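First up is the structure itself, then whatever we jot down about it.
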Amino acid sequence: MKKIGYLMLTFILFVPTLLLQNVAEAANHTVVNPSVTYTYAAMTRHIQSLAQKYPDLIQYKSIGKTKYGRDIWAVGLGHGQATVFINGSHHAREWMTTTINMYMLEQYAIAYSANRPFEGYNTRQILDRTTIWFVPMVNPDGVTLQQKGTGAFPASVRQALVQMNGGSTNFKRWKANAQGIDPNRQYDAYWRTIEDNIPYPFWKNHKGTSAVQTAENQATTSFTYEIDPEIAVSYHSAGRILYWNFHTLPQNLSRDQRLSNIFTSFTGYRQVRPNNNPSGGGYTDWFITTFGRPAFTPEIGIKTGETNLPLSAFNEEWRRNKKVGLWIAQEGYSLWLKKNPTTPASPTTPTQPPANPLRRSLNVTLDGINVKKEIPAFVQNKVAYISYKPLLTPYGFAFFWDQANQKITATSSASGTATFTLNQTAAEINGVSTILQGAPIHLDGTVYVPISLISQVTGIAITMNDKGDTLTLTSPDTTTPSPAAEIITEDANPSSTPIPEPSPTEQPTVAPDPDAGES
């Protein structure tokens, strides 16, 4: 008869648990590990972990699939209508740019959740006004081939891959996608006049037979139109140089030069002088000529020959680039505001309730264990509220954030699904509509729900002491059916809403991955 409180205690103390792999990975330390070779499998797992850890801040989706079935993931960070776009790993051997993208994403989320500045930038204000979209790995097939070789691909194409690699089975120099096409020579920006083109599929420099023919380029261009970013940054390696100008219109030169000067002041990267007849086909070439907006291609690190940067290069390149995302988001908001001067700054930002003198903090015990620090709770307007994630996580729930509708879905194959919306009392539990005792609240980076919601979806029994300052939570006996949950507040009747049988729910799917199981 194990109690959920003991599971919570081991979770808090970092004892390994089999309840949820992603949560174990993300418990109270960073998810992204920049000291290892960063693979597609690790990136996919980490995106899911971060979305579960920060469901009110991070959203993700697949914007397309590669030739060999790998998802091209896009990850949104923030709540604002203004958007900016950062991507990495157009070129296979440049996968450290994926690490930069992912580490940036997580560090900003940590700062936002803690309500603290990051390198002098007001993280809360910036991410409440602007959403930073990342596509950390534009070319997952190519990255996987460069890191894993032909064994990660169907046997029927392995010989062709070796031929495209000049007969070599060593793919460390590989830049292209797995069809031998260079994704950063595929965009429809002076594509016909690209220089130094190799006219057949090869490990580098083949522009393809038509612009935007690859799944990777189609996904990235379509997604760019969808999010309509004010500024774009496409990370590459190597050379510590910065491209910022591609047939830039004269009226935009001073604007973009100012931004490139700031970029250089952060990174120390040398600006590449504009060329009167540059070779095109790159992502930022297309973005500048299509949207007329600023775009930058920073080349991180120092060249080490025809291969990837060594892992030892990360710390220095992170030091140079750690401010870039928030700065770009801040500048993007300024550009967006000029076009939308009468639009509210962040209409999709979760409403922060005003300071409430009637809000009282509560002590919380779970199966006899004091968990006030780990599971904050309070009473407001005679309703007991509690942080939902720490209680639902041990039951195997995963969490998904719908930014557009301010909606959270918590789903578990064993316990069912609960869907609720910030600042609204209407909710749905296992497909049955219900009215909550109070509306879920977003407060200081944490979402709180009425405790009755927790009792309905888990069977946890809840009582409050006579003084009204302590919630006692008792997890259900694992050997017998859970009793009807009861919630007692200062002026509320016990909940008697029946718990229906769990119904099938739809969840995001992840395609099988040849790197599955890799750490």
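Here are the numbers for the structure shown:
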| quantity | calculated |
| --- | --- |
| Condition met for Gly305 (open to solvent by 40 Å² or more (accessible area, probe 1.4 Å), closer than 21 Å to Met96 by Cα and at pLDDT 95 or above) | no |
| Among the residues listed as Tyr187, Tyr200, the single one being over 27 Å from Leu335 (Cα atoms), part of a loop (DSSP other than H, G, I, E, B) and not polar (S, T, N, Q) | Tyr200 |
| Contacts under 8 angstrom Cβ, first residue in segment 158-180 being touching a residue at least 40 places away in the same chain (Cβ under 8 Å), partner assigned to a loop (DSSP other than H, G, I, E, B) and of a type in the set (Asp, Glu), 6 or more apart | Lys172/Glu306; Arg173/Glu306; Lys175/Asp182; Ala176/Asp182 |
| Residues within segment 195-204 that are surrounded by fewer than 21 Cβ atoms within 10 Å (Cβ to Cβ) and touching a residue at least 24 places away in the same chain (Cβ under 8 Å), tallied | 5 |
| Where Ala439 falls short, out of the listed (1) outside any loop (DSSP other than H, G, I, E, B); (2) surrounded by 15 or more Cβ atoms within 10 Å (Cβ to Cβ); (3) free of Cβ contacts under 8 Å to residues at least 40 places away in the same chain | (1) |
| Residue pairs meeting the criteria (Cβ under 9 Å; at least 6 apart or on separate chains; first at positive phi, in segment 99-119; second open to solvent by 30 Å² or more (accessible area, probe 1.4 Å) and modelled with pLDDT under 95) | Asn115/Asp444 |
| Qualifying residue in segment 48-56 (condition: open to solvent by less than 30 Å² (accessible area, probe 1.4 Å) and without any contact (Cβ under 8 Å) to a residue 40 or more places away in the chain) | yes |
| Extreme residue, least open to solvent (accessible area, probe 1.4 Å), among residues of segment 214-241 that are more than 13 Å from Tyr187 (Cβ to Cβ) and among the charged types (D, E, K, R) | Glu230 |
| Residue that is surrounded by the most Cβ atoms within 10 Å (Cβ to Cβ) [pool: residues in segment 71-98 that are among the aliphatic types (A, V, I, L, M) and closer than 26 Å to Leu335 by Cα] | Val84 |
| Any helices (runs of 4 or more DSSP H) falling wholly within segment 229-322 and containing at least 1 residues that are over 30 Å from the mean Cα position of the chain (by Cα) | 253-267 |
| Leading residue by the ranking (surrounded by the most Cβ atoms within 10 Å (Cβ to Cβ)) among those in segment 99-127 that are of a type in the set (Gly, Ala, Ser) and closer than 16 Å to Gln59 by Cβ | Ala109 |
| Failed item in (1) surrounded by 14 or more Cβ atoms within 10 Å (Cβ to Cβ); (2) under 25 Å from Pro476 (Cβ atoms), with Ala414 passing the rest | (1) |
| Some residue of segment 128-139 being surrounded by fewer than 23 Cβ atoms within 10 Å (Cβ to Cβ), part of a helix (DSSP H, G or I) and not hydroxyl-bearing (Ser, Thr, Tyr) | yes |
| Unmet requirement for Ser334, which otherwise passes all of (1) modelled with pLDDT of 90 or more; (2) open to solvent by 40 Å² or more (accessible area, probe 1.4 Å); (3) assigned to a loop (DSSP other than H, G, I, E, B); (4) among the polar types (S, T, N, Q) | (3) |
| Where a residue in segment 356-376 is farther than 13 Å from Leu391 by Cα and its partner, wherever it lies, is at pLDDT 85 or above and part of a loop (DSSP other than H, G, I, E, B), with Cβ under 7 Å and at least six apart | Leu362/Asp469; Asn363/Asp469 |
| Residue list for segment 51-72, restricted to those being within 10 Å of the chain's Cα centre (by Cα) and aliphatic (A, V, I, L, M) | Ala51, Leu57, Ile58 |
| Some residue of segment 320-335 being out of contact with any Gly (no Cβ under 7 Å at 6 or more places or on another chain), among the hydrophobic types (A, V, I, L, M, F, W, C) and free of Cβ contacts under 8 Å to residues at least 24 places away in the same chain | no |
| Filter result for Tyr68 (assigned to a helix (DSSP H, G or I), open to solvent by 10 Å² or more (accessible area, probe 1.4 Å), more than 23 Å from Tyr388 (Cβ to Cβ) and modelled with pLDDT of 95 or more) | no |
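Every residue, every condition in (1) in a loop (DSSP other than H, G, I, E, B); (2) open to solvent by 10 Å² or more (accessible area, probe 1.4 Å); (3) modelled with pLDDT under 90, yes or no:
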site: Gln352; (1), (2), (3): yes, yes, yes
site: Leu358; (1), (2), (3): yes, yes, yes
site: Lys372; (1), (2), (3): yes, yes, yes
site: Ala384; (1), (2), (3): no, no, no
site: Pro390; (1), (2), (3): no, yes, yes
site: Phe399; (1), (2), (3): no, no, yes
site: Asn405; (1), (2), (3): yes, yes, yes
site: Ala418; (1), (2), (3): no, no, no
site: Glu428; (1), (2), (3): no, yes, no
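The values are calculated or read from the model by the stated rules, or taken from the named source; none is laboratory data. Please read all numbers here as calculations on a predicted model, not as lab measurements. Positions of Cβ are generated from backbone atoms using ideal geometry, with glycine treated the same way; all protein chains shown enter the neighbour counts. We work out accessible area using only protein heavy atoms, side chains counted, and drop any ligands, DNA or RNA first. Shrake-Rupley method; radii C 1.70, N 1.55, O 1.52, S 1.80 Å.
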